[in-house]
1. State which residue is least open to solvent (accessible area, probe 1.4 Å) when the search covers only segment A:136-153 and only residues that are more than 11 Å from ligand 3 (Cβ to nearest atom) and assigned to a loop (DSSP other than H, G, I, E, B).
2. Here are some residues: A:Ala66, A:Ala78, A:Ala90, A:Ala149. Which one is of a type in the set (A, V, I, L, M, F, W, C) and within 14 Å of chain B (Cβ to nearest Cβ)?
3. If the Cβ limit is 9 Å and pairs must be 6+ apart or interchain, which residue in segment A:76-102 that is within 30 Å of A:Ala11 (Cβ to Cβ) pairs with which residue that is part of a helix (DSSP H, G or I) and open to solvent by 50 Å² or more (accessible area, probe 1.4 Å)?
4. Taking segment A:42-68, which residues are in a loop (DSSP other than H, G, I, E, B) and either within 16 Å of ligand 3 (Cβ to nearest atom) or open to solvent by less than 10 Å² (accessible area, probe 1.4 Å) (or both)?
5. Of everything in segment B:227-247, what is in a helix (DSSP H, G or I) and either open to solvent by 30 Å² or more (accessible area, probe 1.4 Å) or touching an Asp or Glu at 6+ places or on another chain (Cβ under 7 Å) (or both)? Give them in sequence order.
6. If you go through segment B:248-257, how many residues are surrounded by 15 or more Cβ atoms within 10 Å (Cβ to Cβ) and free of Cβ contacts under 8 Å to residues at least 60 places away in the same chain?
7. Going by the conditions given, is B:Thr215 of a type in the set (Val, Ile, Thr), open to solvent by 30 Å² or more (accessible area, probe 1.4 Å) and in contact (Cβ under 8 Å) with a residue 40 or more places away in the chain?
8. For segment A:82-135, which helices (runs of 4 or more DSSP H) that fit wholly inside it have 3 or more residues that are away from ligand 3 (no atom under 11 Å from the Cβ) and either over 16 Å from the mean Cα position of the chain (by Cα) or modelled with pLDDT under 95 (or both)?
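The values are calculated or read from the model by the stated rules, or taken from the named source; none is laboratory data. Note that this is a predicted model, so its numbers are computed, not measured. For neighbour counting, all protein chains shown are included, and Cβ atoms are generated from backbone atoms with ideal geometry for every residue, glycine included. Remember, those area values only see protein heavy atoms, side chains included, never the ligands or the DNA or RNA. Shrake-Rupley method; radii C 1.70, N 1.55, O 1.52, S 1.80 Å.
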Amino acid sequence: MQVETTVNGKAMSADVEPRTLLVHYLRDELELTGTNVGCDTSSCGACTVHIDGESVKSCTMLAAQARGAEITTIEGMASADGTLHPMQAAFMECHGLQCGYCTPGMVMAASSLLKENPNPTEQEVREGLEGNLCRCTGYHNIVKSVLTAAGGA
Amino acid sequence: MIPASFDYVEAENADAAIAALTEHGDEAKLMAGGHSLIPLMKFRLTTPQVVVDIGRINDLSYINDGGDHIAIGALTRHMAVETSDVLKAQAPILAHVASHVGDPSVRHRGTLGGSLAHGDPASDLPAAILALNATLVAKGPNGQREISASDFFTGFLETALASDEMLTEIRVPKVPDAGWSYQKFNRRAQDWAIVGVAAVSNGSTNVAMVNMGHTPLRSAAVEAALAGGASAADAAAVAAEGLTPPEDLNGDAEYRSHLARVLVGRALGEAMS
Ligand SMILES: Cc1cc2nc3c(=O)[nH]c(=O)nc-3n(C[C@H](O)[C@H](O)[C@H](O)COP(=O)(O)OP(=O)(O)OC[C@H]3O[C@@H](n4cnc5c(N)ncnc54)[C@H](O)[C@@H]3O)c2cc1C
Ligand code: FES
Ligand code: FES
């Protein structure tokens, strides 16, 4: 089936099987490999993207379900001139990453969180990111990054 | 992990979804948010031949004042339930329980109707629906019928819905002044309840439990004790009576029975104070 979407502002289309997961549509068909697969079982959040502005685990959605949707992946966060999104800049400044595997998903989940709650408390950041696992940082600097991006730290 | 192959049909409205169910029978599955169904399909624990996508039937995503109740469309997502001012005022336990489902990304996709129709004994929202004594509206080829929440959950992942019926609306009584509590016990972030207890106290007290049997259930023993004048502590002591809790790596039946007594005690303490 033909799945047409808008990804990072550009009209995209690919012919996929109905069973194709959104994460494979993005990585294998559109070659946007910034979105990672960590667990493949809906737990880790490494595959988080935005669908119509809201965070979603792309390993738990069919490409078909995204037909007509506006999708944003980590590749679409920085401006065309390379200026980082404030959340990316905050992760860099606060050392919010070590190996970086969880980072695309963390940035997508955290930016969705700030859209819904622009001035979260530390506790709200921790709860807001409970669907995203990091094996390296111990979360401390991730939380600091998100609070910095929100202007609260 | 990739699901087994299937044909994909997108339904534009409830009637089209029911027509597809009628045509394909047992081979078809509705997909709302897909957040229970897709994980099962990836493990190939279920292999529908036809997936009927109802996730974009926007007419069935609403939270409306229905007079003596709040009417919620079956396709309303958990995040919309959690953040609804109408529900926070009229049935706050439901908004609160929705906020305890999984994580925000799950709540952006999963729907109230999907959560109930899935019939998972461990899921959170059935507890609120049971304790509120909500009414579920199902639509099939021969029209619409109402099902009481206490008649809806019939077995492990089984409900009163026929294979050609679709859940369209959930009607929650307005209980702005009721005392309420939801006690969800788990050990990891974003996890399911090892045991969960919901209580709504509005004159009489309704108590519902999750992960204490094959279905989400109303606690007959606790409710009878309270109706007979028992104190909250004495009622909590009978919380596990007559139940067969599941056993898994989170806990055996004895542990869950203990949790049920403790959590019912806490829930009654909060709801009845
Ligand atoms: C990582 C993760 C964590 C989660 N944690 C929790 C948790 O802590 N607590 C919790 O309660 N849930 C949890 N869930 C489940 C989540 O709440 C699901 O969204 C919900 O159980 C199913 O809703 P859905 O809309 O996604 O349904 P789907 O997956 O689309 O459907 C589920 C089932 O219901 C049927 N169905 C769906 N809609 C209808 C309808 N309108 N009429 C008739 N049948 C219908 C489908 O055919 C299918 O059999 C979690 C899920 C994930 C992926
Ligand atoms: S890969 Fe999607 S949640 Fe882990
Ligand atoms: S930085 Fe390595 S997993 Fe998070």
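1. In this case the residue turns out to be A:Ala150.
2. Values: A:Ala78 fails: within 14 Å of chain B (Cβ to nearest Cβ); A:Ala90 fails: within 14 Å of chain B (Cβ to nearest Cβ); A:Ala149 fails: within 14 Å of chain B (Cβ to nearest Cβ).
Result of the check over A:Ala66, A:Ala78, A:Ala90, A:Ala149: A:Ala66.
3. A:Leu84/A:Met92
4. A:Ser43, A:Cys44, A:Gly45, A:Ala46, A:Cys47, A:Met61
5. Within segment B:227-247, B:Ala227, B:Ala232, B:Ala233, B:Asp234, B:Ala237 qualify.
6. Kept after step one, since they are surrounded by 15 or more Cβ atoms within 10 Å (Cβ to Cβ), are these residues of segment B:248-257: B:250-251, B:256-257.
Those still in the list that are free of Cβ contacts under 8 Å to residues at least 60 places away in the same chain too: B:251, B:257.
Residues meeting the conditions: 2.
7. no
8. Numbers: elements: A:86-93, A:103-116, A:122-128.
Qualifying helices (runs of 4 or more DSSP H): A:122-128.
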